[in-house]
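Just so it is clear, none of the values below were taken in a lab; they were calculated from the coordinates. Keep in mind it's a predicted model, so treat the numbers as computed, not measured. FYI the Cβ positions are ideal-geometry reconstructions off the backbone, even for glycines, and counts take in every protein chain you see.
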Amino acid sequence: MGLDSAVIEEIVEDADERMGKTLDALQHAFAKIRTGRANPSLLDTVFVEYYGAPTPLNQVASVSVEDARTLAVSPWEKPLVPIIEKAILKSDIGITPVSSGDVIRVPLPPLTEENRRDLAKQAKAEAENSRISIRNIRREAIADVRELVKEKEATEDDARRAEDRIQKVTDKRVAQVDTALAAKESDLMDF
């Protein structure tokens, strides 16, 4: 019995960990969706050519919030200013940087109601993809538990208890997705 419960525990913990990674991926996806406020994570997807290698912007410059609608990018080396400007322009963010000597300002235009709705749709799609991923992980974990029963390494009762635990973990993770989506939508609709 000790070995069986250890294997079941491992299946449940693995499912929870993988669901947590799905949630991390959702947070990363949400960071790319622009809100009305300036947020340094908006530039996380920008890569700069630095000594011949694509390097994340935050490794060659500091990115800070200057005011509610402006980011300030301070490169650590002056020759990087035009390179960073080009990288921001080429990125899929759709923002035009303004250079003033050593600092690059990234003004964020106010979001229109239509932009907000589109971004909210994008956030909902990302959240739904995360829910689907979490449900797929649940299905795989339950299949693993049922395989143990088939192999006679666990009893039906063990399997039922494990499935209940997997469902509770799934419900918890889906609730976290819903909470993250609500927060993102609130950010998007905040003027």
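To the nearest ten degrees, helix 2-32 and the longest principal axis of the Cα atoms of the chain are 20 degrees apart. In terms of Cα atoms, the Rg and Dmax of the chain work out to 22.5, 71 Å.
Each Lys and Arg Cβ is given +1 and each Asp and Glu Cβ -1; about its Cα centre, the range 40-107 then shows a dipole of about 100 debye.
Evaluate E = 1/(1 + (r/R0)^6) for Ser91 and Arg135, where r is the Cβ-Cβ distance and R0 equals 22 Å; express this FRET efficiency to the nearest 0.05. For R0 = 22 Å, the calculated efficiency reads 0.10. Taking Asp102, Asp67, Asp157 as the candidate residues, the one with maximal mean-square fluctuation in a Gaussian network model of the chain, Cα springs under 10 Å, is Asp157. Across the range 40-107, C-alpha contacts under 8 Å between residues 6 or more apart give a mean separation that, scaled by the residue count, equals a relative contact order of 28 percent.
Share of Cα-Cα pairs in the range 40-107 beyond 20 Å, in percent? That fraction is 14 percent. Using R0 = 41 Å, the C-beta based FRET efficiency linking Ala182 and Ala143 works out to 0.85. Taking the longest Cα principal axis of the chain as reference, the axis of helix 80-90 is set at about 60 degrees. Placing +1 on the Cβ of every Lys and Arg and -1 on the Cβ of every Asp and Glu, with nothing else charged, gives the chain a dipole about its Cα centre of roughly 740 debye.
Contact order, relative form, for the chain: 27 percent (alpha carbon pairs under 8 Å, 6 or more residues apart, mean separation divided by residue count).
To test your reading of the geometry: what angle, between 0 and 90 degrees and rounded to tens, separates the Cα axis of helix 113-150 from the longest principal axis of the chain? Value to nearest ten degrees: 30. Counting every other Cβ atom within 10 Å of each residue's Cβ, Leu89, Leu71, Leu23 order from fewest to most as Leu89, Leu23, Leu71. Between Gly101, Gly20, Gly52, the Gaussian network model of the chain with springs among Cα atoms under 10 angstrom shows the greatest mean-square fluctuation at Gly52.
Positive end of the charge dipole of the chain (Lys, Arg +1 and Asp, Glu -1 on Cβ, about the Cα centre): tell me which of Val12, Ile83, Ala180 has its Cα farthest that way. Of the candidates, Ile83 comes out farthest on the positive side. Taken along the Cα-to-beta-carbon direction at a fixed 7 Å, the label points for Glu113 and Thr70 span 2.9 nm. Would you mind getting me the FRET efficiency between Lys152 and Asp24? Use the beta-carbon distance for r and R0 = 41 Å, nearest 0.05. Working from the Cβ atoms, E equals 0.65.
Could you work out how far apart the two model spin labels at Thr55 and Ser100 are, taking each label as a point 7 Å from the Cα in the direction of the beta carbon, and quote it in nm? Calculated label separation equals 2.6 nm. For the range 133-191 versus the range 1-67, the spacing of their alpha-carbon centroids is 20 Å.
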